[in-house]
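What follows is a short report on a single structure.
Taken together, the values in this text are just the output of simple stated rules run on the coordinates, not laboratory data. The structure displayed is predicted, hence computed values, not measured ones. Quick reminder, even Gly has a Cβ in these numbers, built from the backbone with ideal geometry, and neighbours come from all protein chains shown.
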């Protein structure tokens, strides 16, 4: 399997506090990589580093290398807007824009220069279909996205990320604010999307990692303790700390 991203000796500090310590990880394309670990262990920080969302935080210092294909994402000539177009993000809490369902999806393509209405109509439909929500919203595209349920809003945010045709989707605990039925819809959706996209998902829910991911990375206090095939890690973890975490002894 080809790796779409390669991370070498990645360290990150917030001011004096080191949040990531020498992270080395290869992310295979068209698969789901789960990041697990207790709160505050660096998994969301790591996720946000992959599309340089941490650039927006004051006092961040990063060393090491993150390669996306052949591109060093921290190189001075990297176009961060293009990077974030190819590496999309879905957050923990659904965050639709206060505008219509249609305009939420068309927003990204419009900012990238697509103005043709027929083309936008097609992108909106394809993205909503891709996020398995077209049938629920096709008759109310002009209505505000804020009137949707939480689970629908989260699938809308996934559709919005798909609209600019990314290669990678980063998901930061996308189901933690949702009920069990919405959660299972998003899990099913993630499993379908990996045929076309690479997904990296931070999850607090170990069972979710087992259900949907191909490989799992276990973070603890800024260190990557163990990384490998999900089934194998949950069946026979190599590190005692991984075993303690997944059997619920701490975390």
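Within segment 90-99, can one find any residue that is surrounded by fewer than 20 Cβ atoms within 10 Å (Cβ to Cβ) and over 23 Å from residue 44 (Cα atoms)? Taking every residue of segment 90-99 in turn, at least one turns out to be surrounded by fewer than 20 Cβ atoms within 10 Å (Cβ to Cβ) and over 23 Å from residue 44 (Cα atoms).
For segment 94-142, a residue qualifies if it is touching a residue at least 24 places away in the same chain (Cβ under 8 Å), more than 23 Å from the chain's Cα centre (by Cα) and more than 23 Å from residue 177 (Cα to Cα), and the qualifying residues are 140, 141, 142.
In the list 176, 184, which residue meets the criterion of being surrounded by fewer than 16 Cβ atoms within 10 Å (Cβ to Cβ) and more than 27 Å from residue 85 (Cβ to Cβ)?
Working: 176 fails: more than 27 Å from residue 85 (Cβ to Cβ).
Residue meeting the stated conditions: 184.
In this structure, is residue 142 over 30 Å from residue 17 (Cα atoms), surrounded by fewer than 13 Cβ atoms within 10 Å (Cβ to Cβ) and touching a strand residue (DSSP E or B) at 6+ places or on another chain (Cβ under 6 Å)? When the stated conditions are applied, residue 142 passes them. Considering only segment 98-183, give the helices (runs of 4 or more DSSP H) lying wholly within it that have at least 3 residues that are more than 27 Å from residue 207 (Cα to Cα). In segment 98-183, the matching helices (runs of 4 or more DSSP H) lie at 101-111, 117-130, 134-137.
Taking the condition free of Cβ contacts under 8 Å to residues at least 24 places away in the same chain, over 17 Å from residue 148 (Cα atoms) and under 19 Å from the mean Cα position of the chain (by Cα), does residue 73 pass? Before the answer, list the steps.
Working: free of Cβ contacts under 8 Å to residues at least 24 places away in the same chain: yes; over 17 Å from residue 148 (Cα atoms): yes; under 19 Å from the mean Cα position of the chain (by Cα): yes.
Considered against the rule, which asks whether it is free of Cβ contacts under 8 Å to residues at least 24 places away in the same chain, over 17 Å from residue 148 (Cα atoms) and under 19 Å from the mean Cα position of the chain (by Cα), residue 73 comes out as yes.
Residue-wise test of (1) touching a residue at least 40 places away in the same chain (Cβ under 8 Å); (2) farther than 12 Å from residue 36 by Cβ; (3) in a helix (DSSP H, G or I).
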{"site": "185", "(1), (2), (3)": "yes, yes, yes"}
{"site": "189", "(1), (2), (3)": "yes, yes, yes"}
{"site": "195", "(1), (2), (3)": "yes, yes, no"}
{"site": "234", "(1), (2), (3)": "no, no, yes"}
{"site": "243", "(1), (2), (3)": "no, yes, yes"}
{"site": "248", "(1), (2), (3)": "no, yes, no"}
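Scanning segment 204-218 for residues that are crowded, with 24+ Cβ neighbours inside 10 Å and outside any strand (DSSP E or B) yields 209, 213.
Tell me which residues, restricted to segment 18-51, are more than 24 Å from residue 209 (Cα to Cα) and touching a helix residue (DSSP H, G or I) at 6+ places or on another chain (Cβ under 8 Å). If you could, list the steps in order and put the result at the bottom.
Kept after step one, since they are more than 24 Å from residue 209 (Cα to Cα), are these residues of segment 18-51: 18.
Answer for segment 18-51, where residues must be more than 24 Å from residue 209 (Cα to Cα) and touching a helix residue (DSSP H, G or I) at 6+ places or on another chain (Cβ under 8 Å): there is none.
If the condition is being in contact with a strand residue (DSSP E or B) (Cβ under 8 Å, 6 or more places away or on another chain), surrounded by fewer than 21 Cβ atoms within 10 Å (Cβ to Cβ) and in a loop (DSSP other than H, G, I, E, B), then segment 1-42 contributes 1, 2, 29, 30, 31, 38.
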